[in-house]
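First the structure, in the form of structure tokens, and then the observations on it.
The values are calculated or read from the model by the stated rules, or taken from the named source; none is laboratory data. Everything numeric here is computed off the predicted structure, so don't read it as measured data. Glycine gets a Cβ as well: all are built from the backbone with ideal geometry, and neighbour counts include every protein chain shown.
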């Protein structure tokens, strides 16, 4: 699908939207995207993957406190960890594995 066809498809879908909350969401998404006038568009074959997840999810600054609140620390369950570690079947001894790291 060409860039122009995608634009038309998006515009046609937006014209059909009747919910204000959805229009506000679309507006917010577009306000978070920097559109550079006159930039050469990348064709699909030139892009390096699907970055749609990151659109609107990239923050300007890192806030460690916010990260701590969003992803609270979980304490290590030592007995469960030891149980899983003991269940592993190693081909080398611990000493050999450590030696490989040097």
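Observations
- Filtered residues of segment 85-99 (kept if loosely packed, with under 10 Cβ neighbours inside 10 Å and either at pLDDT 80 or above or part of a loop (DSSP other than H, G, I, E, B) (or both)): 85, 86, 87, 88, 89, 90, 91, 93, 95
- Test result for residue 34, under 19 Å from the mean Cα position of the chain (by Cα) and modelled with pLDDT of 65 or more: yes
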